[in-house]
Every structure is written in C-alpha cells, then in structure tokens.
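Take a look at the structure set out below.
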Amino acid sequence: METVTGPAMKGALEYIGLDRISGPLVVISGVRGVGFGEVVEVVPSDGQSRQGRILSISEDVAVVEVFEGTSGLAQPTTRVRFLGRPFEIIVSREEVLGRIFDGLGRPLDGGPVPLRGERRNINGLPINPVARVYPQDFIQTGISAIDGMNTLVRGQKLPIFSGSGLPHNDLAAQIVRQARLLTEDEGFAVIFGAMGVRHDEAETFRRSFEESGVLKNVAMFLNLADDPTVERLITPRIALTVAEYLAFEEKMHVLVILTDMTNYCEALREVATSKGEVPSRKGYPGYLYSDLASIYERAGRIIDRQGSITQIAILTMPDDDITHPIPDLTGYITEGQIVLDRSLAQRGIYPPINVLPSLSRLMSDGIGEGRTRKDHGDLASQLYAAYARARQVQRLASIIGEEDLSATDKLYLTFAREFHERFLRQGADENRTITRTLELGWELVMLLPEQELTRLKPEEIERYGRIKRLAVSH
Amino acid sequence: MESTAQQPHITMISGPVVKARPAHRFSMNEMVEVGDERLVGEVIDLDEDLATIQVYEDTTGLRPGADVYAKGLPLYVELGPGLIGEIFDGVQRPLEVLHEKWGDFIRRGKTGTALPRDRVWQFTPSVRPGAMVSPGEILGEVPESQLITHRILVPPGVQGTLERIVPEGDYTLDDIIAVIRSTSDKIHELKLFHRWPVRKIRPYRERLVPSEPLITGQRVIDTFFPLARGGTAGIPGGFGTGKTVTQHQLSKWADADIIVYIGCGERGNEMTGVLVDLPKLLDPRTQHPLIERTILIANTSDMPVAAREASIYTGVTIAEYYRDMGYDVALMADSTSRWAEALREISGRLEEMPAEEGFPAYLASRLAAFYERAGQVVSLAGKKGSVTLIGAVSPPGGDFSEPVTMHTKRFVQCFWALDKELASARYFPAINYLQSYSAYISVVEPWWTEKVGSTWRTLREKTINILQEDSRLQNIVKLLGEEALPDDQKRIIEGARFIKNDFLQQSAFDPVDTYAGPEKQFLLLDVILHFIERLADVVKARIPLFRAMEPPVVAEIHRLKFTQRGDDPGPFRSIKEQIDKEINALLHRQDS
Ligand SMILES: Nc1ncnc2c1ncn2[C@@H]1O[C@H](COP(=O)(O)OP(=O)(O)OP(=O)(O)O)[C@@H](O)[C@H]1O
Ligand SMILES: [Mg+2]
C-alpha cells in the first residue's frame, strides 16, 4: 500500500487502493494516524472527489461510509484522503439565507460557495440542560386543530406523522406561511432540509416560500429522491448547524422543516446493514433512538440568547403504522406529534389531523391567561374528552343504528360531525385567530348537555359558553 | 517503541467502545482515561490481552495508538455535602460548573471534581476522640440545605479508635476532619466526603420488610395502587402516556426526605422544567422549596450513551448514601428503557450474542440487581432509612410484552400501567386500573385505618367493585348502548363515572388538584361513594337516574377536588348533608 502526503492538502494523509467495497462502505487497510469520525475524500480515477466519514477504526483498518455512494469506485485506483477533521461547514447569515444547497451543503443555485464565516462541526454539541430556557411562547399557526388542541410554542420540536399521499407538505407550508407569534415579530428564518423527497415536492415548498415573500429568509438543503442515499445522514445535521448559528449567534427565530425523516432512517439502516451490525426492531440499528435524538434535541431556547429553534420534522409512517420504529422512536423524543389520518383525508377533510393521538407536550405552559386565554386549557381538555366519547358513540351507532342511541349519545354524534366540519376543516389559506378557534370550540362543546362538561368549570361555562348556547339555539 | 509497548494504547474505536492493549494493567470495571484529552471510560471486558472500554464522552477524533491510563479504582461517585440541589450528568460531572466553564454546550474532557472544594461547611462533631467507631457511624453533622442535615459517616470498611476529630467549625471537603487508627494500626484520614464505587451496593446492617406507605399525593396511586417506603414500582407506557409527568409529580409531592431524579436518555427540556419548577414549589409539609431535598442526574438523549448506562448507578448510589444517614429516599429513573438500550448498544458493539430483541442475555439480571438496591434497612449506624425505586419503562410500540417491560414486571412490586386510549382522551393520570397492581395493599392498610379513616378498607373495596362491575357492563354498552341497561346497572355506570371523573382523574397542572393528601383522598372518596349509594334509593323509587343528576349538589361534588385541600373535613361533611337533603327531596317529590 502506497502512502503519500498530498502536497495540496496540508496535514492530510492520502492512501491509494481499497481493500473492500460493500454497499456504501469502503475498507482501507494500513491506515495510521487518523481519528474516529473524521472526514475523508474518496477520489476515483476520474478525479470526481466524493466525501465520506470514518465509521470505525482499528490499528490498521478504517471503515468509511461514502456519502455519494460507492458505485463506480475501483479497488486498486481509488485514492482516499484523510482530512484529519470532522465534517464541518461554513456558516454565516449573508452567504446562506436566500440560497439553495445540495444535501452536503454545496450550492445548487449557481451562487458562490460560502467562504466567509464560522467553521462548525455539523454534529453540534449537546445543550447543557442548565442552559436551556423552558419554551413557552405561543405560536399562532392559524390552524384550529393545532392552536386549539395541540399548541405549538417557540423552541418546540413538534413533528408531523403522516402517510404517503397525505397532505403533510401542504400543512407544513401553511404553517410556514401563517406562523407568527401573538406578541412580536422579530428576525426570523426558515431552514428547509429535504431528505429523499421528490423534485416537485421541493419545488412546491420553494414556490410557497416565494409566494409568501419569505424566500430571502429561507435556506434550502436538498437531497432529492434520486440523490445518493447516504448523503441523507448529513443533510439534517447541516440544516441544524446553520439553524443553531442563526438562532444563537444571529438572534433569529428559526423554524426548521425536516422532511422526510423516514428516508433518513432508511439510509441509516442501509449503512448499519452493510456493516453487518446486529439489528433491533425491523432491521433498524439499536442506536436509532440515540441517533434521532442527536437531531431532534437540537431545538429549543438558551438562557441569555434571544433566538430559538422550532423544529417541524415530517415523517411518513410505513403502512400508516404509528407503532413502526420510526414514528415510535420519534414520538419518544419529540415534544409531541401532529398525526394525519387517512380516513379523514378520504372524507375530504383538510387538514386531516386526528387529534386523539396528536399531542403537544409544551402546550400547558404556552397557553392560558396572559398567553392565549384563561379557559384554553380546560376547553381543549373538554374537546378531547368529548371527541373521544363521540368516536365511541360513532362505533356504537354503526352497530346498533343511530335511532337506538340515547338522547345524549345522539348529541355526541352531532358533536363529532360538527367537530369535523367546522373545527377541523379549514381552507389551505384560512388563517384563524386563536380567539376564533376558541369560539368555535365553545360552540361545539355547548352542543352537549352541561352535565357532560365535566372538564369545564361552572364559571367558565357561565362566561364563555352560555352565549354560545343562545347563538346556537337561534 | 519498547516503552510505549508497555503503556496501554488504543487499538480500535467504534462509537463509544474502544479497545486497548496490553490488558494486564487493567482490572474489570476500572476507571480509565483515554487519549490526550483524557476522556473518562470504564473497563467492561478483559479478554486475553485486549481490554474493552466504554467511553463516557464523544470519541470523535480519537486515534488508534493513543494512550490509555489506568486510574486504579472502579467507577465511583463522591459522597458528601454539596449534592443537594445540584444537577449532575451520568458520571457525576456537575452541570452548573460545566456551564460556567464552557458555556451553553457540553464539551468533553477534564472537568475537576464532582463536589466543590472551595465551599465551606459548618461541621459539628458528635463523637469524642478515643471512641471506638465502626463503619457507617455518624461522626458529626453539616447543615446541607434548609431541609437536610447531612450526617458525616465513617466510610464502610473503616473502623478503629478515633484518634482525633476537629472541633465545631467551618471546613472544606479537602480538610481532614477525623483520624481513625484501625486495630491493625492503619491510619485513616477522613474528610467530609468519601468515594464509593457505583456498581457496588452500599452495606447496611439489616433489611426490613416495607411497612409504611410512601404517600405521593396522587389519588389513584395512594388509594388504589399504593407504594411503600423501600418499595419498587414500574411505570410502563407508550410515548405521551404520562410517565414523565407522573414521575415529576412524585418528585414534587412524595413524602420522602430526599428525591433523586434521573433523566436517563430523555429530553433536555424536561430537566429544565424540573430545574425551573422545584425552586418555586414549596413542600406541603415543611413549606421549604422542594429543590432543598432534591438531587438531579441528567444524561439527556443527546448526551453520550455510555454515561447514560452509568447514570442509573450514579443515582442509586447517592440514594443509598442518604439512606445510610437515616433518610427515606425516593428515586425516579426516567427511563429505564433507555438504560437498557444503552446496554444493548454497547453489547452490540462488543459483538456479544444477543438474546431477545437484540438485548444482551444479562438484561434481566442487571434489572434485578438494580431493583434489589431498593429497600428499607437499618443502617450500619443503626438508623432506619429507605430507598424507594420508581422506574419508567418505554416499551417500543407501547407493547408490554417486550423484554424490558416483562422483566421489570418480575422485579417490581407496583405496576402502574399507562394506557394510550386514556391518554388520548386526555384522561390523566392515564393509569389503567384494571391492568395495574400493587403488592403493598395489606402493608399500608393498618396505616390508613389508624391514621386516616377506620373505614378505609371497605371504602376502597366498594369502589373497586363498582369499577370492575362498570368495566363488565361497558362491554355490553359497546354493543347495545347504555339505554339497553336496566336502571340499577345504569347506576353502576353513572357511579363509576363519578369515581373516574371526580376522584381518579387528577390534573398535574391545577394548583390545588396537583396534590391530594391522605385526608383529602379519604374524604373525597367518602363523599362520592355516599352519593352513589344514595343513587340506589333513587333507582329503588323508580325515578329516572338523570333526575338525580340535576340537583345543585352534583356540581359541588365535581368541584370538590379543585377547591378543597382536605385539611378541614367540614366542607366534605356539609356536602354529604346536602346530598342527603337534595336526594331526599327528590324522593319526597316522587312520593307526593
Ligand atoms: N397527571 C397529568 N395531568 C395533566 N396532564 C398530564 C398528566 N400526565 C400526563 N399529562 C399530559 O400528557 C403529556 C405527556 O406526558 P409525559 O410527557 O409524561 O409522557 P411520557 O409517558 O413521559 O412520554 P415519553 O415516553 O415520550 O417521554 C404531558 O405533556 C401532559 O400534557
Ligand atoms: Mg417521558
């Protein structure tokens, strides 16, 4: 094995020849003086350099994952350069916002490669829990099912669990268009990270950003469906590194959209399988949880820093199965989830949000007096209780028929219908205020007899409900 | 080359696992430092000439050939004043100190000591020179927080004649406060703290059978699935079912002296939430901020995985240490599944033969060994203390038949099964009362009947009967509707609804409802059952049940949990009277 120290790359070690090529991995022996996790340049004889990363290293063998894939690499002639540093990108506000990059952070828009700025390791560092600020600023998305029942707050990580063909992209785009804080409007940015999404999907997002006039505040990192799969392991980390810089150095409120995390996980599985690792559930590696956490935990707020990172990851549940490891482990890490439902979508309801499995864990601190309204928490809880009961009644009605239901149960059926048609259903451009959403909620719960409203306090019913009852009965 | 051949060095790196050679310098579970940055690790396997080390920090950039240094002692924690109110990572690095030193993000490398050396403690000795002292004996006291008096113990393994002890005064952890000469003439210089290996259970004199309840202020737990001091409990549940909120509730309201809360592979913001809440909340018994009795261990999901494995042991060792001072300690581990997964990840990198679901075959024995560290004991110094262990379990897909839940079930005495369906209807705590159980009911019964109410047992049994009958009837209702039931069965369903809504459901976020003391629990249940019993009269009189839901007292019953704290039985008594009055009026109207 020949070793040359490349004159062009100071400090880099260069080797020629690969011992083995297996899936996205290459194995090089006789390697000395390189470190775990460092970046590698793999140069086939055509000179088109590819990037990779050291997955494991022993005294003489290095295993490297090649982001752009190994196709076309020849064992004897491929050169491998060890750069002696982790994967880094250069971040700055001017050279990144308003731009489009590929999944490894290289410009796709014909613009210059970012050069002036800060060099950052894309893996980031864990935020010290002592340094975090508990997120509690309400973000109004204008969508009733979210604002009313699964409130988003600034600095939260709240993913969308979807299924193939469901309108998760429309929903995410609507959130981007409409999301604003009730109190202030400061510097904001949107970072869009795409992993294995179709061309037209990425384009739809771009157009939606353009139409709402935010494009100059957006940076897009695109790994598209026909781009190399292993590259997907890098894309979200680049997106988040940029987001961290903008949030915590440039004091911006950053919304990060990551789509589709299912493609990301599949890339991770591919690498794990090639390494011959012992799989855990459904062939995914045992460290899928930790790996996903290293992405999702990069959200939040920090003491004495003004910016924030709010993360909306989108994933498609294989077979619409919420217990599949990808949504399951995601739900175990994120601060709730918005779940889209095929049967609602089939009934033509947009957004088809099934509120029952949906959750916002940061809701209780983000709502209430001084934030949204005092009755918000109890009203949301009552809507949940009533809707859960209404769904049971619907099941019963499908067995015994509507006629044989009790008078109260019939009211629950009406409630379910109204909930779907008036509360859930809204236009793709319909931007409801939180007050409007709460009003709608009250109109719905007042369809039910008062003794059913066990989650509401009598004085709340007095104050917000009675008027609705009058309005309804007229 | 010769000299470095003797110095152990790295031969392989794969994530948190590093191999080093030669191995003869190391012993099993020895603490080591790896590479120029001296990353902390632990020897977890010795095979001929190769040592396997799990590294507690990120290994990026580490190179084969780098030196590995043996530290000569197993992974330990520092035990002494300065633990209370602090937050540490999984290997006891103080996060506040890290924050001051490195800023908002956690870096790797050397950090100094776990406990501060510059802080001054006021020590008051309680033994005189010349006395014979034995392991675990109390040498003196230090006021550690407003709530906790820290007793300075003779470390296990040390005994002899007290040659010297410092007078009352201010000392730092570096000062020698006592000198003991052992029978074999060995001199032990003692400080306010000592070290203890985390994987070794601390010795005690005698293990007792748990006999008192640990009151949590959570009605469904205390009244139906009670916990005992020194007991064990598992809380399994899918994501979002309420494991963390339940554990937070327990760390706020449980009537233990000390709380150890371990965030093991969970969210950063949840630890922040605890850090924000606890200094503001007052202990309902002492009126001091709850942080004054709490120790936090945070190894969040984005922190190194090997330290996550260690965090559980770091926590339980600290818990045992306060137990040895004679305190009742309650430890929450959220989540033990993340700890098990850390085991699995390391085991996978070691290429061990996996057993179920990729977990190593020793998963069950490790879980057993962890829960074995719970117990009520008489300490070496003759003091009664306890460690209660409460572990959250996060089953993949919410499926309780997976290995961690199954094995946990074998080793815990309380099982609080959380239910996805209840959680999705926002029915909290989402503890499924048909699947949950507690083995401590007969243990706590004498306490309740003596201290709270002589009818506790019958009250509880009647309630359970109604709930069980209700769940049987619900199966019929699902098929035929409630209308199909006769009125006496409707009464059961209606009654169960009161129990579920007005007793079992408890909001963690309501300022009054969040904590219910034993008296309130008893009084509230007594009112509800009284109402349900009176409903029987309504049914007997052939009055439609819905008429019994109309009197104003019904709304009063619903409000009770939000308005009364239970220190005054008056309002409960008058509601009972009001029930009688209004139901009697209903019956009377029917008669005439
Ligand atoms: N006792 C309670 N009172 C009110 N709300 C509750 C209660 N318990 C749980 N919740 C609600 O349920 C949400 C989820 O609870 P929690 O975070 O404890 O779930 P978890 O089981 O720990 O989930 P994970 O496994 O993902 O960490 C909370 O954010 C809160 O809104
Ligand atoms: Mg939790």
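Scan the range B:277-284 and give yes if some residue there is farther than 19 Å from A:TYR134 by Cβ, touching a residue at least 60 places away in the same chain (Cβ under 8 Å), more than 16 Å from ligand 2 (Cβ to nearest atom) and not β-branched (Val, Ile, Thr), otherwise no. Taking every residue of the range B:277-284 in turn, at least one turns out to be farther than 19 Å from A:TYR134 by Cβ, touching a residue at least 60 places away in the same chain (Cβ under 8 Å), more than 16 Å from ligand 2 (Cβ to nearest atom) and not β-branched (Val, Ile, Thr). Scanning the range B:1-58 for residues that are closer than 24 Å to B:ASN299 by Cα and among the polar types (S, T, N, Q) yields B:SER14, B:ASN29, B:THR52, B:GLN54.
For the range B:227-285, filtered to residues that are over 24 Å from B:SER386 (Cβ atoms) and of a type in the set (S, T, N, Q), the residue that is nearest to the other protein chains (Cβ to nearest Cβ) is B:THR272. Please work out if B:LYS186 is within 16 Å of ligand 2 (Cβ to nearest atom), more than 14 Å from chain A (Cβ to nearest Cβ) and closer than 29 Å to B:GLU141 by Cα. No: the conditions fail for B:LYS186. In the range A:333-344, the residues that are among the hydroxyl-bearing types (Ser, Thr, Tyr) never reach a residue that is assigned to a strand (DSSP E or B) and within 8 Å of ligand 1 (Cβ to nearest atom) with C-beta atoms less than 9 angstrom apart, at least six apart or across chains. Residues that are among the acidic types (Asp, Glu) number at least 2 in the following helices (runs of 4 or more DSSP H) confined to the range A:332-427: A:407-418.
Can you confirm whether the range B:519-531 contains a residue that is farther than 15 Å from B:THR223 by Cβ, modelled with pLDDT of 95 or more and more than 11 Å from chain A (Cβ to nearest Cβ)? Looking through the range B:519-531, at least one residue is farther than 15 Å from B:THR223 by Cβ, modelled with pLDDT of 95 or more and more than 11 Å from chain A (Cβ to nearest Cβ). Can you spot a residue in the range B:489-508 that is touching a residue at least 40 places away in the same chain (Cβ under 8 Å), among the hydrophobic types (A, V, I, L, M, F, W, C) and assigned to a loop (DSSP other than H, G, I, E, B)? Yes, the conditions are met somewhere in the range B:489-508.
Among the residues of the range A:38-47, those that are over 10 Å from A:PHE82 (Cβ atoms) and modelled with pLDDT of 90 or more comprise A:VAL42, A:VAL43, A:PRO44.
So that you can scan it fast, the table gives a plain yes or no per residue for (1) touching a residue at least 40 places away in the same chain (Cβ under 8 Å); (2) surrounded by 21 or more Cβ atoms within 10 Å (Cβ to Cβ); (3) within 9 Å of another protein chain (Cβ to nearest Cβ):
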residue: A:ALA239; (1), (2), (3): yes, yes, no
residue: A:ALA243; (1), (2), (3): yes, yes, no
residue: A:VAL256; (1), (2), (3): yes, yes, no
residue: A:MET261; (1), (2), (3): yes, yes, no
residue: A:GLY276; (1), (2), (3): no, no, no
residue: A:TYR287; (1), (2), (3): no, yes, yes
residue: A:SER290; (1), (2), (3): no, yes, yes
residue: A:GLN306; (1), (2), (3): yes, no, no
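Looking at B:HIS188, B:HIS194, which is the one that is within 26 Å of B:GLU86 (Cα to Cα) and more than 15 Å from the chain's Cα centre (by Cα)? None of the other options fit; the residue is B:HIS194. Check the range A:322-343 and report whether any residue there is surrounded by fewer than 18 Cβ atoms within 10 Å (Cβ to Cβ) and more than 13 Å from every other protein chain (Cβ to nearest Cβ). Yes: the range A:322-343 contains one or more residues that are surrounded by fewer than 18 Cβ atoms within 10 Å (Cβ to Cβ) and more than 13 Å from every other protein chain (Cβ to nearest Cβ).
The residues of the range A:24-67 that are in contact with a Ser or Thr (Cβ under 7 Å, 6 or more places away or on another chain), over 28 Å from B:LEU39 (Cβ atoms) and either crowded, with 17+ Cβ neighbours inside 10 Å or not small (Gly, Ala, Ser) (or both), listed by number, are A:PRO24, A:VAL42, A:VAL43, A:PRO44.
Candidates in the range B:355-375 are the residues that are of a type in the set (Gly, Ala, Ser) and under 15 Å from B:THR336 (Cβ atoms); of these, the one that is surrounded by the most Cβ atoms within 10 Å (Cβ to Cβ) is B:ALA374.
Quick one: which strands (runs of 3 or more DSSP E) sit completely within the range A:40-136 and have at least 1 residues that are assigned by TED's automatic domain parsing to the domain that holds A:PRO24 and basic (Lys, Arg)? Quick ask: steps written out before the conclusion?
Numbers: elements: A:50-58, A:61-66, A:79-82, A:88-91, A:99-102, A:118-121.
Here the list reads A:50-58, A:79-82.
Please tell me if B:ILE221 is more than 14 Å from chain A (Cβ to nearest Cβ) and either away from ligand 1 (no atom under 16 Å from the Cβ) or part of a loop (DSSP other than H, G, I, E, B) (or both). So B:ILE221 fails the test. The single condition among (1) among the polar types (S, T, N, Q); (2) without any contact (Cβ under 8 Å) to a residue 60 or more places away in the chain; (3) surrounded by 14 or more Cβ atoms within 10 Å (Cβ to Cβ) that B:ASN465 does not meet is (3). Kindly evaluate A:THR414 against the criterion of being within 9 Å of chain B (Cβ to nearest Cβ), surrounded by fewer than 20 Cβ atoms within 10 Å (Cβ to Cβ) and on the phi < 0 side of the Ramachandran plot. Considered against the rule, which asks whether it is within 9 Å of chain B (Cβ to nearest Cβ), surrounded by fewer than 20 Cβ atoms within 10 Å (Cβ to Cβ) and on the phi < 0 side of the Ramachandran plot, A:THR414 comes out as no. In summary, A:LYS468 fulfils each of the numbered conditions (1) away from chain B (no Cβ under 14 Å); (2) at pLDDT below 95; (3) assigned to a helix (DSSP H, G or I); (4) surrounded by fewer than 13 Cβ atoms within 10 Å (Cβ to Cβ) with the single exception of condition (4). Tell me which of these B:GLU352 doesn't satisfy, since it passes every other one: (1) within 16 Å of ligand 1 (Cβ to nearest atom); (2) surrounded by fewer than 24 Cβ atoms within 10 Å (Cβ to Cβ); (3) farther than 23 Å from A:TYR296 by Cα. With (1) within 16 Å of ligand 1 (Cβ to nearest atom); (2) surrounded by fewer than 24 Cβ atoms within 10 Å (Cβ to Cβ); (3) farther than 23 Å from A:TYR296 by Cα applied to B:GLU352, the lone miss is (1).
Starting from residues that are of a type outside the set (Ser, Thr, Tyr) and within 11 Å of chain A (Cβ to nearest Cβ), keep the ones in the range B:51-61 and report whichever is farthest from the chain's Cα centre (by Cα). Selected residue: B:GLY61. Against the definition (basic (Lys, Arg) and without any contact (Cβ under 8 Å) to a residue 24 or more places away in the chain), how does B:LYS576 come out, yes or no? Taking the combined requirement at face value, the residue does not satisfy it. The set of residues in the range B:330-339 being more than 13 Å from B:PRO304 (Cα to Cα) and either away from ligand 1 (no atom under 14 Å from the Cβ) or away from every other protein chain (no Cβ under 11 Å) (or both) consists of B:ALA330, B:LEU331, B:MET332, B:ALA333, B:ASP334, B:THR336.
Comparison of A:ASN150, A:ASN121 shows that the only residue that is buried (at least 17 other Cβ atoms within 10 Å of the Cβ) and within 30 Å of B:LEU296 (Cα to Cα) is A:ASN150. For the range B:282-298, indicate whether the set of residues that are within 16 Å of ligand 1 (Cβ to nearest atom), more than 17 Å from B:GLY82 (Cα to Cα) and either under 14 Å from the mean Cα position of the chain (by Cα) or surrounded by fewer than 24 Cβ atoms within 10 Å (Cβ to Cβ) (or both) is non-empty. No, because not a single residue in the range B:282-298 is within 16 Å of ligand 1 (Cβ to nearest atom), more than 17 Å from B:GLY82 (Cα to Cα) and either under 14 Å from the mean Cα position of the chain (by Cα) or surrounded by fewer than 24 Cβ atoms within 10 Å (Cβ to Cβ) (or both). If only residues of the range B:223-247 that are farther than 27 Å from A:ILE333 by Cα and either polar (S, T, N, Q) or surrounded by 24 or more Cβ atoms within 10 Å (Cβ to Cβ) (or both) are counted, the one that is nearest to ligand 2 (Cβ to nearest atom) is B:LEU227.
If the condition is being over 26 Å from B:PHE546 (Cα atoms), surrounded by fewer than 20 Cβ atoms within 10 Å (Cβ to Cβ) and among the β-branched types (Val, Ile, Thr), then the range A:417-465 contributes A:THR433, A:THR435.
The values are calculated or read from the model by the stated rules, or taken from the named source; none is laboratory data. What you see is a predicted model, and the numbers here were worked out from it, not measured in a lab. For neighbour counting, all protein chains shown are included, and Cβ atoms are generated from backbone atoms with ideal geometry for every residue, glycine included.
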